[in-house]
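Below you'll find the structure, written out as structure tokens, and then a few comments.
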Amino acid sequence: MSITEIVLRLHANSYYFFAILLFIIGFHTMLTHNNLIKKVIGMNIMDMAIFLFFVAIGYVRGGRSPILEPGVNHAFINPLPSALILTGIVVAVSVTAYALSLIIKLYKHYGTIDAEEIMRIRGGGSL
Amino acid sequence: MRKLLVLFFLAVIMVVMVATVVEMPTIGDPANVTNNEVPRRYVEDSLRETGALNVIASILTDYRAFDTLGEATVLFVAIAAVLSNLKAH
Amino acid sequence: MEDIIVRYVSRFILPFVQLYGLYIVLHGHLSPGGGFSGGAIIGASMILYALSFNLAEGSKKLSHDVSSILESTGALIFAGMGLISILLGANFLANGAAGFPLGTPGNLFSGGSIAIITFGVGIKVASTMATLFYSLIEEEHSHEHH
Amino acid sequence: MQFLGSFLPVWIVMFPMVMTVVIYYVEQRSEKMRNALAVATSVVTFLSVLALYPGVMAGKIIEFELFQILPNLAVSFRVDILSFSLALLSSFIWMLVAIYSIDYMCKEHGCNRYYPVLIITLASCMGIFMAGDLFTLFVFFEMMSLISYVLVVHEETIEALRAGYKYLIMTIIGGLALFFGIIITFELGGSVSLSNPVPLISEPSTLAFFAFISFLIGFGMKAGMFPLHVWLPDAHPVAPSPASALLSGIMLKTGAYGLLRVIFHVYGIEFMQETGWTVILAVVAVITILLGSAVAITQDNLKRRLAYSSVGQMGYILLGISILNERALMGNIFHIFSHAFMKSTLFLAAGAIILKTGKKNIKDLGGIGRQMPFTMFAFTLAALSMIGIPPFNGFLSKWTLSLGAMDAGVPFYVLILLISSLLNGLYYLPIIIAAFFGEEQGEGHKHEFVKINEAPYKMLIPIAILAVSCLLFGLLPSNLPFDLSRVAAEYLLRGGF
Amino acid sequence: MNFSQHLPALIVVVPLLFAFVMPLLARWRKQWCVPVTLGAIIFSFAAALQMAFQVMSTGPFSYYMGDWPPPWGIELGIDYLAAFAALTINGVGLLIIWFGSKDLLHELKPEVLGWYYTLYLLLMASMVGIVITNDIFNMFVFLEICAIASCGIISIKESRDCIEAAFKYLVLSVLGSGAFLLAVALLYMVTGHLNFTFMAEALPEAMVLYPNNLLVAMGLLVVGLGVKAALFPLHVWLPDAHSSAPSPSSAVLSALVIKVYAVAMIRLLYLVFPRELLGIAPVMEMILWMSTLAIIIGSMFAIVQDDIKKMLAYSSIAQIGYVFLGVGLMSESALVGGILHIFNHATMKSMLFLAAGAFIYGTGARKLSELKGIGHTMPIPTIAFCIGAFSMVGIPITSGFISKWYLALGALDVGRPFFTAVILISSLLNGIYYLPIVVNAFFSKPEEAVPAPKQLPREMLVPLALLSFGVILFGVYPSLILGIVYRAAQLLLGL
Amino acid sequence: MIDVLKYLILFFLVFCAVFVARTKDMLSAVIIFAAYSLMMAILWLLLAAPDIAITEAAIGAGVTTLLLVAAVSKTRREE
């Protein structure tokens, strides 16, 4: 496969490509940043990227959003991924809220939200 | 050192994933395998079967309502976890 | 957050936001949106209320008792509809098969259990969002360690 | 009656187990009752084993399957002549030890633990000898090994705990090796039953060889085979003397018993002769003999010397197994009997000495023979038998073994036996000479008249019985153990059926 | 209306319903919390039992949520493995919370007790949901509930270690869920289905067209679930999380939660992916080596621990390795061993953690060196601990032996005695760290005089006794559950 | 035209994601994240999925941001 072909494929699948890119960036933020809130934001970025990926699967060229009008016929997009992602978004916000409550408590106990400092205070281990 | 390692690791993932992306079915192609009998029935029959205009609402609260119950439960579990965590300390 | 303009504007705008949220919840089966988005809008409006006035007053509007009742009710409505389907002789969470009236498509009162479930979800999401925010921010009042 | 006969093995195993629980509950009320029950249990067990005699001597094999744990894997019992011989021997010695314990243990702490453990070890020992398949054998083997740990650490001193830890780890290694062997046997043979009409493994393969090595490790560990004997000299001295007598006299033999079963039932005699794997056994047995005897000389602690002597003597038994002909096997089985009698006598006598004088080291034992003539006389009888001096049973077994070695055309083994006897003499005779003719240690006693200070009669009687048997079974040309050994050897060579 | 036909739904929904009510009860009717929790789990247990009988007599069956047939609606599939796992979860979970009803009183603040029961019920419901669902996205939702609830029952304890451990666990769980969701997306993209059966039907064709997609999805699934199940290099969160939590939480996390992810992985790998794909991809081989490392290194780490709960946690890493060893070997016996070990380890490890909890409750001692002579002052928990330890080592007549037997046999069946040796070596390592505790408990004396321990209430002793009885019972009479395990393995392998 | 808009938004998303990681001020990170969420919502509108777009705008950009702000206000603002 030549470079041009690859670029064309990536253009055709640009949502997938960018979703993967965002996923990697979010993952990177989550792994390398010591600030716990940054970790949580990275986690959200990662989740959103996956959602974008999922929504892109459901897209159909020329399709409309699946709100029916009785008696009218259109091409619609695939509604299933949208329905799934709604669930996903709520899951992400729940996890975020819980993670943030843990961070607030960690700050109260350790006086910092830096993972390395917390590790230093605890002595040993890694987050 | 650790950062480099992470970068390398992520680069490997990226390359693998891009190689996969190149192979994936094209976005929006109506011939894709995902546009099978499943969304067809949702779009064509949901009006008759559930009486809702919004297909996504009918999927969420009827065809796959159990997922949505799970979703409500996720919210509930988040509340329980947050409140218990905050109250305990 | 003691700004008088903010307060005034909020007081003026919040009812509309809440009404909009309620609309989205109730028309979940007819137009884009539904229990989750509408509930989140209502929840966000309650959070905004708390931010623009003050927390004590915000909490007064949504005391712990009320919020926990709302949450449990929302979830119970959902699960209860499922059990009612069983009682009606169909499988769990069945709608048309359990004999709920599907009504005329396009009407507000259509879609059988969908509207009720959406409403339950709306209550649940709204109170959950508000409670999550309150409980995160309320920390201050109970603990003054740092 | 038929049913009763086949149920008897189960009874023999289950009865002591049930009695363990009873004893555990009784001992909170009355110590006398506890002692009586313990002795009674061992006596009843002995008599029950004896009741098998007519059937077994008539060549009958009693089989009884209790229940299946997994498909093709059952807890089952099977009594043939070999099982019977060893069960009879063990229950007999157990009975004597139980009687001996009454007076010996009364000064010790933790009797409430000692008696139930003693009885349940008896049950598991019976289970090993009467197991109908390798799995049952394994279960009871592990049970006995783990429970006897409690006997080893009974004193709860630092060195007891340390020795116990070593014992425990070695036991687990042995158990796992056995597990490996058994599972390979199961995989290759589809069953681990001992009543299979043909040997379970018929073709030599790498896996079969692994299994053989595992069995060798597992059973050899218990039998004190050379590189794996390290736990033995530590564990035997720290245990209370009656327990040492059982450990040395009986429990070491379970390892030899297991090896016999494996060689004859799992592989079969032709298989062993073709592959020549027994050479490994022979080599380690020779090393074990020489090493055990040589190291024993250097030991000063009496029980430790006896323990090393046990290592050497187990070497004879392993050597007998490796030769694989009738007279060697006969000598080997008879040596199991002889060694049980001799070593129990020695340990019980040593226990009596420790109880009365508190002396544990050989250099302190000068003149003890004048103080405790009866005990030391028994000790002497057993020690002479150990060396292999003619009218004793030790001589008879060594003689038969040597004949077997000559039959197999390896006079080298005879030489080894002779050297070892010499070494035995080197470490037993000084004790005896010092005991009867040596100077008593300590300043104050030098010119005083020695007071006879024997152990209580409940301890003396078992010692006496055992010592006399050493003599008796050597003197009489046709005695029960010798007959049993002969029949058992023939039976095994016939293929076990 | 046939009530028993709705059991697959009710077994999940009833605990959920009671969990929804629980905060209200905790506010106004405190004394009802425990009975309601127990009642809900007893109901689920009975339902699981009934389902197990049903599946054994009439074969696997499924339940259509909302009366929508599979590709459109969500299907709950009750096969042998699902029924078996549901039974294990509810049975062991019941005993743990029974024990916890007293133990938690002294570990937690009174005002969070109600939340604990809420989280516990949600956890039970989600675990059952994970194992019985036949829909991959539904599984994801339950995975998330399970992840948050299991973090919640750690962070509920008033200790900063718990918060830290819960955060670490949460972050890694979310990573795992993310990987899982991405895998779902990749699979959905090439098959167009979310239902296991339909995916499995569509996969052979998809394998020809998009092999990379499937391989990546498979890798993501293994990593995503592997993180949650603490498969070896991904286990970093486990020791802290399992050792700092309240004892009932440790028990349920170690005994059930990580197993549930293993069950999920077994179901996905064996039911969804075609044989041929498992053949080309080195996934099974990878799992095999990861589990081997887990078994050896987990045990090694456990040896050097001084804290009893930390030691048990490291031991769990090794034990989950056994389960995955059974999965990776792909022979009938090995799979039977692996699945059986899910149950056996659940009983043993919950017993060990509860016994450790009892020691902490009675004496406050967590260090192994402080447990000397505990056998004389707290006999029943110590005996339970002994039985659990023996079972861990794999001494016959305990249930641990049976699963090791099958695993070892399975390794021999596929002609790889090396793995049999691994199992044996790890048994030895288990012996090295478990047996000294047992020995010290009975034969050592504490260095200084310790005050007499608190007497344990009956609610704590009975579950311990029942679990020890179970370990022995299933060691002596494994046929009780072996039937269903055999069928499960045969179904998964397509025999 | 649509393609240009699409790439614009996609690059903006990447830009936001990178900047969240780079910025030292937590509050701005949260704000950038809100922008990221909103852009994502618009992208989903492009993909003809208004339901999730609304939800994302309300939950992702609204509630999550508020929660993050709350958390930042309870802890430190600088990284």
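The values are calculated or read from the model by the stated rules, or taken from the named source; none is laboratory data. In this text the structure is predicted, and so the values were computed from the model without any measurement. Backbone-built Cβ (ideal geometry, glycine too); neighbour counts: all protein chains shown. Side chains included, ligands, DNA and RNA excluded: accessible areas come from the protein's heavy atoms. Shrake-Rupley method; radii C 1.70, N 1.55, O 1.52, S 1.80 Å.
Evaluation of E:Ala408 against the conditions (1) within 12 Å of another protein chain (Cβ to nearest Cβ); (2) hydrophobic (A, V, I, L, M, F, W, C); (3) out of contact with any Gly (no Cβ under 9 Å at 6 or more places or on another chain) shows that the sole unmet condition is (3). Taking region E:1-11, which residues are part of a helix (DSSP H, G or I) and at the interface with chain C (Cβ under 9 Å from one of its Cβ atoms)? Result: E:Phe3, E:Gln5, E:His6, E:Pro8, E:Ala9, E:Leu10. Screening F:Asp3 against (1) of a type outside the set (A, V, I, L, M, F, W, C); (2) facing another protein chain (nearest Cβ under 7 Å); (3) part of a helix (DSSP H, G or I) leaves a single unmet condition, (2). Scanning region B:60-89 for residues that are within 7 Å of chain E (Cβ to nearest Cβ) and of a type in the set (Ser, Thr, Tyr) returns B:Tyr63, B:Thr73, B:Ser84. Given the criteria touching a residue at least 24 places away in the same chain (Cβ under 8 Å), open to solvent by less than 10 Å² (accessible area, probe 1.4 Å), over 14 Å from E:Ala125 (Cα atoms) and among the aliphatic types (A, V, I, L, M), does E:Met65 qualify? Yes, satisfied. Contact annotation: residue pairs with Cβ atoms under 9 Å, 6 or more positions apart or on different chains, pairing a residue in region E:456-471 that is closer than 19 Å to E:Ile374 by Cα with a partner that is basic (Lys, Arg), are E:Leu456/E:Lys102; E:Pro457/E:Lys102; E:Arg458/E:Lys102; E:Met460/E:Lys102.
Tell me, yes or no, whether region A:59-66 has at least one residue that is facing another protein chain (nearest Cβ under 7 Å), in contact with a helix residue (DSSP H, G or I) (Cβ under 9 Å, 6 or more places away or on another chain), open to solvent by 10 Å² or more (accessible area, probe 1.4 Å) and closer than 22 Å to E:Glu158 by Cβ. Looking through region A:59-66, none of the residues is facing another protein chain (nearest Cβ under 7 Å), in contact with a helix residue (DSSP H, G or I) (Cβ under 9 Å, 6 or more places away or on another chain), open to solvent by 10 Å² or more (accessible area, probe 1.4 Å) and closer than 22 Å to E:Glu158 by Cβ. Of all the listed residues (D:Leu228, D:Leu259), the sole one being touching a helix residue (DSSP H, G or I) at 6+ places or on another chain (Cβ under 9 Å) and open to solvent by less than 10 Å² (accessible area, probe 1.4 Å) is D:Leu259. Consider F:Ala49 carefully, then state whether it is at the interface with another protein chain (Cβ under 7 Å from one of its Cβ atoms) and either surrounded by 23 or more Cβ atoms within 10 Å (Cβ to Cβ) or acidic (Asp, Glu) (or both). Here the answer is yes, as F:Ala49 does meet what is asked. Can you pull out the residues in region E:439-472 that are open to solvent by 80 Å² or more (accessible area, probe 1.4 Å) and outside any helix (DSSP H, G or I)? Across region E:439-472, the qualifying residues are E:Lys445, E:Glu447, E:Glu448, E:Ala449, E:Val450, E:Pro451, E:Ala452, E:Lys454, E:Gln455. Exactly one residue among E:Phe390, E:Phe385, E:Phe401 is in contact with a Ser or Thr (Cβ under 8 Å, 6 or more places away or on another chain), assigned to a helix (DSSP H, G or I) and free of Cβ contacts under 8 Å to residues at least 60 places away in the same chain, and that residue is E:Phe390.
None of D:Phe412, D:Phe395 is assigned to a helix (DSSP H, G or I), open to solvent by 50 Å² or more (accessible area, probe 1.4 Å), touching a Gly at 6+ places or on another chain (Cβ under 8 Å) and over 30 Å from D:Ile102 (Cα atoms) except D:Phe395. Taking (1) under 22 Å from D:Val75 (Cα atoms); (2) part of a helix (DSSP H, G or I) in turn, E:Pro436 satisfies each apart from (1).
Any residue in region F:26-35 that is more than 11 Å from chain C (Cβ to nearest Cβ), of a type in the set (A, V, I, L, M, F, W, C), in contact with a Cys (Cβ under 9 Å, 6 or more places away or on another chain) and open to solvent by less than 10 Å² (accessible area, probe 1.4 Å)? Break it down into steps so the answer makes sense when it comes.
Pass one, region F:26-35, residues more than 11 Å from chain C (Cβ to nearest Cβ): F:26-35.
Checking the rest, the ones that are also of a type in the set (A, V, I, L, M, F, W, C) come to F:26-27, F:29-35.
Those left that are additionally in contact with a Cys (Cβ under 9 Å, 6 or more places away or on another chain): F:32-33, F:35.
Cutting the leftovers down to open to solvent by less than 10 Å² (accessible area, probe 1.4 Å) gives us F:33.
Yes, because at least one residue in region F:26-35 is more than 11 Å from chain C (Cβ to nearest Cβ), of a type in the set (A, V, I, L, M, F, W, C), in contact with a Cys (Cβ under 9 Å, 6 or more places away or on another chain) and open to solvent by less than 10 Å² (accessible area, probe 1.4 Å).
Tell me, please, whether a residue that is within 11 Å of another protein chain (Cβ to nearest Cβ), in contact with an Asp or Glu (Cβ under 6 Å, 6 or more places away or on another chain) and open to solvent by less than 10 Å² (accessible area, probe 1.4 Å) can be found in region E:384-401. Yes.
With respect to the stated conditions, B:Val22 is without any contact (Cβ under 8 Å) to a residue 60 or more places away in the chain, assigned to a helix (DSSP H, G or I), away from chain C (no Cβ under 14 Å) and not small (Gly, Ala, Ser).
Checked against (1) of a type outside the set (A, V, I, L, M); (2) open to solvent by 30 Å² or more (accessible area, probe 1.4 Å); (3) modelled with pLDDT of 85 or more, D:Gln441 passes all but condition (3). Within region C:75-95, residues that are more than 7 Å from chain E (Cβ to nearest Cβ) sit with their Cβ atoms under 6 Å from residues that are open to solvent by less than 10 Å² (accessible area, probe 1.4 Å) and among the polar types (S, T, N, Q), at 6+ positions apart or across chains, in these pairs: C:Met81/C:Ser113.
Quick one: which of A:Thr87, A:Thr96 is at pLDDT 90 or above, of a type outside the set (A, V, I, L, M, F, W, C) and in contact with a Ser or Thr (Cβ under 6 Å, 6 or more places away or on another chain)?
Matching residue, one of A:Thr87, A:Thr96: A:Thr96.
Any idea how many residues of region E:151-174 are within 7 Å of another protein chain (Cβ to nearest Cβ) and of a type outside the set (S, T, N, Q)? Counting residues in region E:151-174 that are within 7 Å of another protein chain (Cβ to nearest Cβ) and of a type outside the set (S, T, N, Q) gives 14.
Looking at B:Asn85, B:Asn54, which one is in contact with a strand residue (DSSP E or B) (Cβ under 6 Å, 6 or more places away or on another chain), closer than 26 Å to C:Met129 by Cβ and open to solvent by less than 10 Å² (accessible area, probe 1.4 Å)? Talk me through it step by step, then tell me what you get.
On the way: B:Asn85 fails: in contact with a strand residue (DSSP E or B) (Cβ under 6 Å, 6 or more places away or on another chain).
Checking each option against the conditions leaves just B:Asn54.
Here the condition is being out of contact with any Leu (no Cβ under 8 Å at 6 or more places or on another chain), under 24 Å from D:Ser193 (Cβ atoms) and open to solvent by 40 Å² or more (accessible area, probe 1.4 Å); of D:Leu73, D:Leu66, D:Leu86, D:Leu47, it holds for D:Leu66 alone. Residues that are under 22 Å from the mean Cα position of the chain (by Cα) and among the small types (Gly, Ala, Ser) within region A:47-104 comprise A:Ala49, A:Ala56, A:Gly58, A:Ser82, A:Ala83, A:Gly88, A:Ala92, A:Ser94, A:Ala97, A:Ala99, A:Ser101, listed in sequence order. Annotation note: of D:Ile128, D:Ile172, the sole residue that is over 27 Å from D:Leu89 (Cβ atoms), in contact with a helix residue (DSSP H, G or I) (Cβ under 7 Å, 6 or more places away or on another chain) and open to solvent by less than 10 Å² (accessible area, probe 1.4 Å) is D:Ile172. Do you know which of the residues in region F:57-79 that are more than 7 Å from every other protein chain (Cβ to nearest Cβ), in a helix (DSSP H, G or I) and open to solvent by 20 Å² or more (accessible area, probe 1.4 Å) is farthest from C:Ala44 (Cα to Cα)? Here the residue is F:Ser73.
Scan region E:122-136 residue by residue and report those that are within 9 Å of chain B (Cβ to nearest Cβ) and touching a Gly at 6+ places or on another chain (Cβ under 9 Å). Answer for region E:122-136, where residues must be within 9 Å of chain B (Cβ to nearest Cβ) and touching a Gly at 6+ places or on another chain (Cβ under 9 Å): E:Leu122, E:Leu123, E:Ser126, E:Gly129, E:Thr133, E:Asp135.
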